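Please treat every number below as a calculation from the coordinates, not as lab data. Worth saying up front: this structure is predicted, and the values here are computed from it rather than measured. Positions of Cβ are backbone-derived with ideal geometry, glycine not excepted, and every protein chain shown enters the neighbour counts.
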């Protein structure tokens, strides 16, 4: 029984990291119409920048903030100088995917060129182990769960209450009509890349904290789990992505405890196939963005 | 020529042959039919593994240091045929996924995800193909005729590889230069219109995925017969990006473009540089190679989307960015067509 | 072209416009004008280029030749959002509301360009023009009936109090009674705000009844135009476009 509770605890931590990343990925698709396969590359590049800062003696939570800023800047620049120009040329969605795939390859290997092939770890103090209900979690893990709850709340407030957030939802559901209402959708899209880029960077650092050590290609498999939770939740649906992340975070960690950690991503893939077979539009079907 | 030089040349010839065969398969899918298969490398991998376990003896042989299925010890060319069949069969589930996908970019990404997951499974599930270590000591085809270490065998094998390039080129040309090839291009340019004139695009797509898969499987079989080992690290997902880069750079929809792309990117740029001395810390040279590969894709898509050798049919030869616009105008023509007659 | 009878000073002028979707132009050499407070309708068979004309005027598709002016400003090939900012409220034929957003949020999006403190007042004003919207403000637009949706769509553009409304087949897919109310009651209210209304309409008879001027499209060109009352009396026009005997004025 202990092993179940412990793995559910790990699952909540993984789900937290996954939720931050999946919400960002799904918003990028929903609002800007790009399936961004450079997401893993941006995550790792941001996590590595946080490592450089952390290595210089800065606290890891400030490192997480630095990763957020780095992710925002990288994503903004990618959109400004690569994605927007290609979109203006009416590049097809699949053409955009090839572009982001190439960008991801470039980013990942920039990290490899600078950081070298060996994995690195953050200097961080996990803090005391605390009992939260039935779970025993470290202060660091509780901090990660709290971070993702704060981000989920902030995204909810952004989308429901702010002018920018409503414009994002409007652009997501009908960009042409948004423009006809006078909304400069290119600016909304640029803001989307800044915000989701920050989340991508934060999730990169959180992913690195959760995995203990990381290297240039560590996010490749994690991106598969992100894509799975995004599609399980319904592509373009932030709330669906949170739900998908919770489901996949729990299932992958519990399965890791009972079967073997080697097949975590395979389990995620099987869940994805199951959902696609039964409900191709995802768990949250209608657009609720 | 020293024997070292000859080994170098024959090695490049075989690698080049493998890349050309693979790029021709990808050119059929991506160039002619417009199917972006981000999982293309798994078909090459399937061909290599199946050819390996068909030609290897039982896994208890060789001291039993590796574990794998089959081990049928078949004679050449049966393992190659098996490899091609395996590549083709593996394409059937992909075809079903593509059919169910809501959008072409979803289909492309699902094939990429599948490729990553399959690599993980083979990497971890040792009984299948010996896990991360991979299968080794794969017998060289016709190794009973000549000693595989001899120059004679090297020349013979590069000859066979080049011969297979020609065979594959002829077969693929037969497909793409026929009325069926025209239908494939019509599907690529405007699927709605192709369906409207009665083309079964689902079946066409499945046929192309199977044919391309079989060609990729054959390329894997040729490769594994030469390097005698095959492991998950040889077919990670970026290997597909290299082949896509080759086809984009060479020229989509033109087989000679695909051949040129194979000679330029995987062979000329990646394989040839493996023989120059490395500089900098470990991993730097491959990292730089990948960065340049990514940049080449972006630069070509932006400045020369039609590639070095553009597709010949001018009316149909549209760049990828123009395809969306073409689809819109096609739909508009359909919508407004009848009205013009009034 | 017919000789030009007296018309009020136009706010929208299109001169010899050609436009299309990338290939050959779908419409060629179309000229029209709309004045403030005036309802102008464009009628014609399916595929005659009516929607294409509207889309080219509001910047959704490119004008290949010719010119579009709003007041004194040349707005040819302006981006859609800039055309909206200049004072044109465009309601497309389909996808005319933000489905997942509530009615109030739809109106807020219509008023995106307003200062935030003005928005609530404008929502109230829109509700005073379309009172039926008042009780629907909290509902999601996709849950509404066709007639209610169209009211939301028109309310959305009304938020900015544009100089010109451009409505693409507002009655498509509406039940006849609702279509009748929309054309005879709601569109008249839009015009009563002092703005011009440019209306593409399938129901040619109704369009003639509510508009002061009508353009007739066919095969991507403007076949004829004139005072709506005059057109309904012309036997050739009625026969080919309305299918029946001339209406009694």
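Summary table
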item: 0 to 90° range, to nearest 10: angle between helix A:185-211 axis and chain A longest Cα axis; result: 10 degrees
item: Kirkwood hydrodynamic radius of the protein assembly as shown, from inverse mean 1/r over distinct Cα pairs, in Å; result: 30.1 Å
item: Angle in degrees between helix A:219-233 and the longest Cα principal axis of chain A, rounded to the nearest 10; result: 70 degrees
item: Residue-averaged beta-carbon neighbours from other chains (10 angstrom radius) around A:122-130; result: 0
item: Cβ-Cβ FRET estimate between residue B:137 and residue A:213, R0 fixed at 45 Å, reported to 0.05; result: 0.85
item: Degrees, to the nearest 10: A:93-115 long Cα axis against longest axis of chain A; result: 40 degrees
item: Cβ-based exposure ranking for C:160, A:37, in which fewest neighbours within 10 Å come first; result: C:160, A:37
item: Residue mean of other protein chain beta carbons inside 10 Å, A:157-167; result: 2
item: Averaged over B:113-125, number of beta-carbon atoms from partner chains that fall within 10 Å; result: 5
item: Rel. contact order, % - alpha carbon contacts under 8 angstrom, at least six apart, chain A; result: 36 percent
item: Kirkwood hydrodynamic radius (C-alpha pairs) into Stokes-Einstein, the stretch C:90-158, 4 °C and 1.567 mPa s, D in µm²/s; result: 111 µm²/s
item: Mean-position separation - Cα centroids, the stretch B:1-78 and the stretch C:95-135, in angstrom; result: 63 Å
item: The stretch B:231-301: relative contact order as a whole-number percent, Cα under 8 Å and 6+ apart; result: 31 percent
item: With eigenvalues of the C-alpha gyration tensor scaled by 5 and rooted, the stretch C:1-160, Å; result: 31, 18, 15
item: Sorted by Cβ neighbour density within 10 Å, fewest at the top, the residues A:108, C:38, C:209, C:124; result: C:124, C:209, C:38, A:108
item: Per-residue [θ]222 nm for chain B (sum of -39500 (n - 2.57) over DSSP H runs n ≥ 4, rounded to 500); result: -21500 deg cm²/dmol
item: Residues B:157, B:180, sorted so that the one with the fewest Cβ neighbours within 10 Å comes first; result: B:180, B:157
item: Normalised contact order of the stretch B:3-236, rounded percent, pairs of Cα under 8 Å and 6 or more residues apart; result: 42 percent
item: Cα gyration tensor category, rounded, prolate or oblate, for the stretch A:2-217 with a/c compared to 1.5; result: oblate
item: The stretch A:203-251 and the stretch A:69-145: distance between their alpha carbon centers, rounded to Å; result: 11 Å
item: Normalised per residue, the volume of the convex hull around the Cα set of chain B (Å³); result: 145 Å³
item: Three-way shape call for the stretch A:119-184 based on the alpha-carbon gyration tensor, with the a/c threshold at 1.5; result: prolate
item: Cα-based shape type of the stretch B:1-155, given that a ≥ b ≥ c are square roots of the gyration tensor eigenvalues and the cut on a/c is 1.5; result: oblate
item: Two-site label geometry, residue C:137 and residue C:115: point separation in nm, points 7 Å out along Cα→Cβ; result: 2.1 nm
item: Extended-chain gain in nm, criterion 0.36 nm per residue less alpha-carbon gap, residue C:239 and residue C:185; result: 16.7 nm
